[in-house]
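The values are calculated or read from the model by the stated rules, or taken from the named source; none is laboratory data. Note that the structure is predicted; figures quoted are calculated from it, not measured. As a convention, Cβ positions derive from the backbone with ideal geometry for all residues, glycine included, and neighbour counts pool all protein chains shown. Ligands, DNA and RNA are excluded from the accessible area calculation, which covers all protein heavy atoms including side chains. Shrake-Rupley method; radii C 1.70, N 1.55, O 1.52, S 1.80 Å.
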Amino acid sequence: MDASRRAAASAGGPLLIVVGTLFALRGFVFGANITDSHPDILTFWLPRFSFLGRSLAAGHIPLWNPFEMLGYRFAADPQGGWTYLPPMALFSWFSPGGAIRALIVFNPLLAGLGVYAFLRKETLGVLAATAAGLSLVMMMGASEIAISLPFAGMLAWTPIVLLAAAGYRRTDRWSRRILWLGLGGLAWSQVANAHMSHGLIVCTLLTTAYLAVGLVVDVRERRIGARDALGRGALFLAFLPLASLPVLIPRLAFLGASSLQGGYDALGEPLRRGVEDAPIIPNGVWAGWPLAVGVAPGAYAGAAVLLAVPLALRASARRGLVVAFGGALALTWFMMLDAVIGAGWVRSLLLRVPFGDVYLHNPGRMRYVAIVAVPILAAAGIQGLRDDPMPWRRAARWVGAGAALWLLLPLAAGGNPLRFAPLAVAMLIAAPVMALAAADEVRWAPAALAAVLVLDLSAAALYAQAQHGQTITTGLEGDQKGNLIPQPLPYPDVDLEAFLTPPPSVATIGDAPYLTWAPPAAYYEKGYLFAQTPQDWPGLTMGRGTLFGIRDVLGYNPVQLPRYWDFMRARSPLSIFYNASVIDLPSASDAGILGIRYLLVPTGLTPPLPGDVVGRADGFDLIELADATPRVSVIDSWSVVASEEDAIDRVTGPYASPTDHVVLETDPGIRHRLMGPAIPNEGTSREIAPEDVRIEVDAADPSIVVVRTAYDPGWSATVDGRPTTILPADGLLMGIPVQPGAHQIRLIYRDPDVTRGLQVGSVVWLGLALGYLVALTLERWRRRDPERLPAARQRAPRRTR
């Protein structure tokens with residue numbers, strides 16, 4: 001009977017976490033809607049992952065996305081999703097609508113179950129592990145963390161890395177240790193896919209802190225020698241990036257050849273024509289930010305969990321957990337303070353550290369450390385009560401300390417009483433139950449404590465889902481309104497089916513490039529980022545080109561090909577946000593360079609370029625431009641300049657003539673025609689795949705075939721089967737020299753860094769598999785005939801001292 005009860009209790013914890021996840025996100029689970037509360041969910045992640053899924057389902061790796069910004073590297077993009085297992089699987093198997101909803105639910109679910117499994121591996125009881133897992137799930141599910149997919153993914157996979165580190169540290173067999181090592185490497189690679197900057201820093205900080213403190217504890221308790229502990233810790237931490245080389249190699253290579261090649265700090269320097277941005281936030285975060293997990297609505301941790309945090313100080317048997325996660329939280333708090341980040345010497349030091357500019361880019365993102373650390377510290381406190389009960393009067397003092405920390409302190413510091421009122425009410429119920437549970441005198445107290453936590457978190461989730469459009473502040477932020485707490489997640493109300501239904505203009509546009517011009521967003525530095533209402537959808541901005549497979553010459557991506565980036569900023573008087581590409585007032589030169597055939601303009605506005613209205617629906621006119629430049633032009637007039645900058649200056653200048661003249665940066669190796677006016681011709685192109693383009697041209701004279709696709713070194717060309725050179729044309733396009741006559745040109749895109757990453761990663765994982773087989777064979781050999789290895793058996797006790 002006791003065994004049955006223990007099994008039921010063990011199953012009850014994960015079941016409660018699953019039910020909590022489904023309840024908090026029931027609008028995504030059981031409905032067909034989504035939310036636009038986060039600007040990236042509909043216009044960035046859904047289109048990108050849909051393109052990823054379509055490509056994989058068709059049987060090829062999406063190396064190149066031709067549907068935004070004249071094309072860019074996709075598989076190598078840090079946020080493209082290649083090697084990111086959940087979106088790869090979900091968007092390959094399911095419809096885009098079902099896949100995005102499943103991914104939103106998957107991340108909190110994995111996070112909660114991962115924390116539960118990690119704490120159980122750390123020998124904490126079911127109650128403590130369940131409280132931590134449920135708290136983490138509800139903090140994510142009741143706030144915008146759930147739809148901030150990079151951070152939701154990081155929070156989902158970080159507990160799995162911690163679980164792997166715990167299993168690796170605690171097992172006594174190398175075969176099992178290697179399996180845990182593999183799990184850690186896999187999970188860390190998924191964190192790198194989810195958010196290869198702050199998210200990866202958060203995960204690595206927490207893992208390093210846990211492993212370092214845990215191994216020190218093992219050495220002090222004589223479970224392992226100091227040398228062995230150092231070696232095992234170094235092996236685990238070193239394997240994480242090695243296992244992630246398929247992720248890291250192509251992404252780091254692309255970053256080094258993209259608009260971010262100089263880092264975030266370089267983006268703040270004046271660009272051509274005086275344009276400049278400030279992508280690095282110059283300030284830190286308000287000092288009271290960890291107290292925000294006591295605020296509802298938002299990422300609310302629960303009264304019982306918060307009251308248990310100070311109790312972690314007396315959990316002597318869990319001191320390693322407390323020191324590791326408490327230390328990581330304290331270090332993060334210190335490093336995020338305005339006084340620290342704002343100090344010039346700190347900024348200078350971090351800018352000298354590799355990728356230090358990533359940390360400075362937005363230090364407020366490091367607050368996610370608290371989302372993991374607070375539930376784990378609370379679990380240690382709850383387990384301390386179970387391990388070492390105390391009289392209820394003494395327990396009441398500890399519980400009072402928790403109330404003072406999470407409620408009285410923020411109110412005394414000026415916190416908004418309305419935001420802390422739900423916590424105050426919940427504490428009135430949770431505090432006496434916790435005191436009784438601490439005394440271990442009331443047998444039903446632990447179950448009551450779990451019930452109080454469930455009701456508290458469920459009520460907070462309902463409160464959050466009732467919010468619409470209201471910005472939540474704590475009153476502790478001071479003047480730093482840019483660093484807010486995670487906002488509540490309202491109930492989803494965006495019709496996914498309607499969003500995913502292409503408007504009639506998509507069929508008309510077909511394979512031709514298009515541009516949307518919709519003031520006032522066209523004059524905004526972030527372009528169409530916030531033009532996301534149903535009235536905006538027919539404008540086909542913000543990723544809808546990628547979603548429907550049509551060619552938008554604009555886009556929104558923090559990592560852009562540098563020539564495209566330079567062109568957009570050289571031709572615009574705007575200060576364009578580093579993620580965006582936007583054209584304030586398109587000119588004939590813009591249309592010629594970018595090959596724009598169609599213009600989408602709100603009905604009633606005079607279009608900036610002449611053309612014919614060929615479609616009108618849902619508040620937008622589709623205009624086919626007069627004398628539109630083809631995607632492939634055969635131009636027999638060119639000039640050669642010294643650099644990319646000179647070329648872009650020439651084509652964005654007042655006398656640019658992109659339709660009958662091309663600007664090169666290298667001599668093409670063919671002779672100009674001797675006389676006569678320029679006679680531009682049009683070639684025909686056929687796309688076998690985004691990475692395989694066939695072109696047929698007929699040149700009357702030596703010419704440059706201009707392909708209006710963004711230039712990238714990954715492209716190679718053959719003319720009539722013979723390899724030839726692709727030249728940068730007009731600063732950002734591709735040019736292929738040809739002699740007079742009819743020619744067949746083939747363009748192939750390859751990304752050797754993606755291939756190299758897969759190859760090197762395969763070697764690492766095959767080596768790990770071989771190591772596992774060797775270790776398993778040796779262990780079985782020793783078990784069958786232990787006398788054959790007396791020396792190894794004699795050395796074993798020395799290794800454990």
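Contour minus end-to-end for I429 and I670, with contour as 0.36 nm per residue of separation and end-to-end as the Cα-Cα distance? If you can, show how the numbers build up before the last one.
Working: separation 241, 0.36 × 241 = 86.76 nm, distance 8.45 nm.
Length difference between fully extended and current span is 78.3 nm.
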Response to the item:
Nearest-0.05 FRET efficiency for N283 and Q739 at R0 = 45 Å, using Cβ-Cβ distance, is 0.15
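Taking 8 Å as the Cα distance limit and 6 or more residues as the minimum spacing, I'd like the relative contact order of region 625-667 as a percentage.
The normalised contact order for region 625-667 reaches 50 percent.
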Discussion item. Let me check against my output: what whole-number percent is the relative contact order of the chain, with C-alpha pairs under 8 Å and at least 6 apart?
Written reply: 15 percent
Worksheet item: If you average the sequence gap of Cα pairs under 8 Å that are 6 or more apart and divide by the length of region 568-654, what percent do you get for the contact order?
Response: 27 percent
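Mind checking the dipole of region 22-86: about its Cα centre, +1 per Lys or Arg Cβ, -1 per Asp or Glu Cβ, Debye to the nearest 20? Spell out each step's value before the answer.
Numbers: 4 positive and 4 negative charges, 34 e Å.
Rounded to the nearest 20 debye, it is 160 debye.
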Discussion item. Going by Cα centres, region 551-611 and region 455-493 are how many Å apart?
Written reply: 36 Å
Worksheet item: If you count, for each residue, the other Cβ atoms within 10 Å and average over each peptide, how do 131-144, 528-541, 285-298 line up from highest to lowest?
Response: 131-144, 285-298, 528-541
Discussion item. Looking at the calculated P(r) for region 127-233, what percent of the C-alpha pair distances fall above 19 Å?
Written reply: 51 percent
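Mind giving me the FRET efficiency for L585 and R650? R0 is 22 Å, r the Cβ-Cβ distance, nearest 0.05 is fine. The partial results should precede the final answer.
Working: r = 20 Å, r/R0 = 0.92.
Rounded to the nearest 0.05, the efficiency is 0.60.
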Discussion item. Using 0.36 nm times the number of residues separating K526 and R170, minus their current alpha carbon distance, what extension gain do you get?
Written reply: 123.2 nm
Response to the item:
Note to self: C-alpha centroids of region 335-367 and region 151-188 sit apart, in Å, by 29 Å
Practice prompt. Over the residues of the chain, compute the C-alpha Rg and express it relative to 2.2 N^0.38 Å.
Written response: 1.06
Item to complete: Note the angle between two axes, namely the Cα long axis of helix 752-784 and the longest principal axis of the Cα atoms of the chain, as a number of degrees from 0 to 90, rounded to the nearest 10.
Response: 30 degrees
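Leaving out ligands and nucleic acids, and using a 1.4 Å probe, what accessible area per residue does the chain come to in Å²?
Working: 31700 Å² over 801 residues.
Value returned for the chain: 40 Å² of accessible area per residue.
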Worksheet item: What distance in nm separates the simple spin-label points at A226 and D627, each placed 7 Å from Cα in the Cβ direction?
Response: 8.2 nm
Worksheet, complete the sentence: Excluding ligands, DNA and RNA, the carbon-plus-sulfur percentage of the accessible area of the chain with a 1.4 Å probe reads 61 percent
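Nearest 20 debye, what's the magnitude of the dipole of region 19-173 about its Cα centre given +1 on Lys and Arg Cβ and -1 on Asp and Glu Cβ?
Numbers: 10 positive and 7 negative charges, 96 e Å.
I would put it at about 460 debye.
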Fill in: Charge dipole (debye, nearest 20) of the chain; +1 at Cβ of Lys and Arg, -1 at Cβ of Asp and Glu
5160 debye
Worksheet item: Okay, which of region 616-635 sit inside 20 Å, backbone N to the point 7 Å along the Cα-Cβ direction of I688?
Response: 632
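Students often check this: by mean Cβ neighbours within 10 Å, which of 57-66, 487-496 ranks highest, and how do the rest follow? Mind showing how you got there, number by number?
Numbers: 57-66: 17.7, 487-496: 19.8.
Ranked by mean Cβ neighbours within 10 Å, highest first: 487-496, 57-66.
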Item to complete: Please give, to one decimal in nm, the separation of the simple spin-label points placed at T501 and D612, each 7 Å out from Cα toward the Cβ.
Response: 2.9 nm
Practice prompt. May I ask you to evaluate 6.51 cos²θ - 1.76 cosθ + 1.60, the Karplus curve with θ = phi - 60°, for each residue of region 509-518 and list the ³J(HN,Hα) values in order in whole Hz, giving x for glycine and proline?
Written response: 4, x, 9, 8, x, 9, 9, 9, 10, 9
Response to the item:
Projected onto the charge dipole of the chain (unit charges on the beta-carbon of Lys, Arg, Asp and Glu, signs +1, +1, -1, -1), the Cα from P737, P610, S587 with the largest positive-side position is that of P737
Fill in: Dipole of the chain, positive end: most advanced residue of I429, L291, P630 [Cβ charges, Cα centre]
I429
Worksheet entry | Leading residue at positive end of dipole, the chain (Cβ point charges), from A32, T471, L240 | L240
Discussion item. Rounding to the nearest 10 and keeping the result within 0 to 90°, find how far the Cα-based axis of helix 126-141 lies from the longest principal axis of the chain.
Written reply: 30 degrees
